[in-house]
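Worksheet for the structure shown next.
The values are calculated or read from the model by the stated rules, or taken from the named source; none is laboratory data. A quick note: this is a predicted structure, and the numbers were derived from the prediction, not measured. Note: ideal-geometry Cβ built from the backbone for every residue, glycine included; neighbour counts use all protein chains shown. Just the protein is used for accessible areas: all its heavy atoms, side chains included, with ligands, DNA and RNA removed. Shrake-Rupley method; radii C 1.70, N 1.55, O 1.52, S 1.80 Å.
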Amino acid sequence: MVEFSASILNCDFTRLGEEIKAAEEAGVNAFHLDVMDGHFVPNISFGPPVTKHIRTLTRLPLRAHLMISDPVKYAPDFAETGADEILYHIEVADEETLPKLLELGKPIGVTLNPDTDLRSIYPILPQLSQVLLMSVFPGFGGQKFIPKTLFRISNLRREIEMQKLSVPISVDGGVNPDTAEGVREAGADILIVGSALFSSDDYAGVVRAVKGE
Ligand code: DX5
Ligand code: ZN
């Protein structure tokens with residue numbers, strides 16, 4: 001059974017409360033907050049004030065996907081405003097990053113861009129709450145799923161099993177009712193869906209189709 005995490009990046013922000021409620025009623029399991037700094041990625045989205053607002057709208061888990069150059073500096077603000085889990089990018093990390101983030105006392109997951117070597121995270125796998133594989137280059141919603149991600153999911157799944165761990169694998173970018181089956185079969189646990197959900201007129205149908213129900 002996979003989990004459906006809703007990326008609100010492309011929801012209707014003029015009706016944020018209604019969108020969150022509708023997604024919840026459709027059966028999503030968590031919300032994915034795409035934080036962009038205009039530096040690590042060529043786009044700016046939202047930050048802690050919006051996170052704080054969303055926290056008042058739902059009890060579902062809030063996961064902050066920090067597409068920012070300095071996660072150690074800003075992660076505490078997201079933890080304080082209500083994020084339950086912090087996802088940083090391995091491309092901006094040094095050996096201090098994970099230990100410092102773990103000091104927050106929250107689950108910490110790592111994210112990899114489509115062209116980042118999977119082996120770069122094998123040594124830290126036991127400390128992680130999840131691994132997020134990007135299936136598009138981060139920065140924008142509504143992009144096309146990169147098919148080679150499927151091999152990356154199954155390779156990572158094999159390594160997690162070899163290390164006798166149960167770290168969940170998340171997949172983010174271009175996931176929709178058409179691409180979801182391959183993602184599930186490759187061994188992903190959490191499917192993150194943005195535009196395919198919020199551009200639909202049948203949120204519950206999208207949730208069911210993506211989960212394969
Ligand atoms: C990309 C973001 C994703 C993305 C998901 O930079 O991290 O979360 O917006 O949205 P869709 O499902 O539209 O690709
Ligand atoms: Zn994301």
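Residues are listed down the side, and each one gets a yes or a no for (1) more than 28 Å from V206 (Cα to Cα); (2) more than 14 Å from ligand 2 (Cβ to nearest atom):
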position	(1), (2)
S5	no, no
F13	no, yes
V35	no, no
G38	yes, yes
P48	yes, yes
T56	no, yes
P76	yes, yes
D84	no, yes
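Please enumerate the residues belonging to segment 148-207 that are free of Cβ contacts under 8 Å to residues at least 12 places away in the same chain and in contact with a helix residue (DSSP H, G or I) (Cβ under 7 Å, 6 or more places away or on another chain). Of everything in segment 148-207, just one residue is free of Cβ contacts under 8 Å to residues at least 12 places away in the same chain and in contact with a helix residue (DSSP H, G or I) (Cβ under 7 Å, 6 or more places away or on another chain), namely S200. Taken over segment 107-150, the criterion of being within 12 Å of ligand 2 (Cβ to nearest atom), within 20 Å of A75 (Cα to Cα) and part of a loop (DSSP other than H, G, I, E, B) is satisfied by N113, P138, G139. All of (1) more than 14 Å from ligand 2 (Cβ to nearest atom); (2) assigned to a helix (DSSP H, G or I) hold for V28 with one exception: (2).
A quick yes/no check of all residues on (1) farther than 22 Å from V175 by Cα; (2) within 16 Å of ligand 1 (Cβ to nearest atom); (3) open to solvent by less than 60 Å² (accessible area, probe 1.4 Å):
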{"residue": "A64", "(1), (2), (3)": "no, yes, yes"}
{"residue": "P76", "(1), (2), (3)": "yes, no, yes"}
{"residue": "A79", "(1), (2), (3)": "yes, no, yes"}
{"residue": "I108", "(1), (2), (3)": "yes, no, yes"}
{"residue": "L112", "(1), (2), (3)": "no, yes, yes"}
{"residue": "L118", "(1), (2), (3)": "no, no, yes"}
{"residue": "I121", "(1), (2), (3)": "yes, no, yes"}
{"residue": "I124", "(1), (2), (3)": "yes, no, yes"}
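Here is the figure for segment 172-182: residues that are more than 10 Å from ligand 1 (Cβ to nearest atom) and buried (at least 23 other Cβ atoms within 10 Å of the Cβ) total 1. Looking only at residues in segment 188-213 that are open to solvent by less than 20 Å² (accessible area, probe 1.4 Å) and part of a loop (DSSP other than H, G, I, E, B), the one that is nearest to ligand 2 (Cβ to nearest atom) is G194.
Being open to solvent by 30 Å² or more (accessible area, probe 1.4 Å) and under 15 Å from the mean Cα position of the chain (by Cα) narrows it down to one residue among D70, D12, D84, D34; which is it? The match here is D84.
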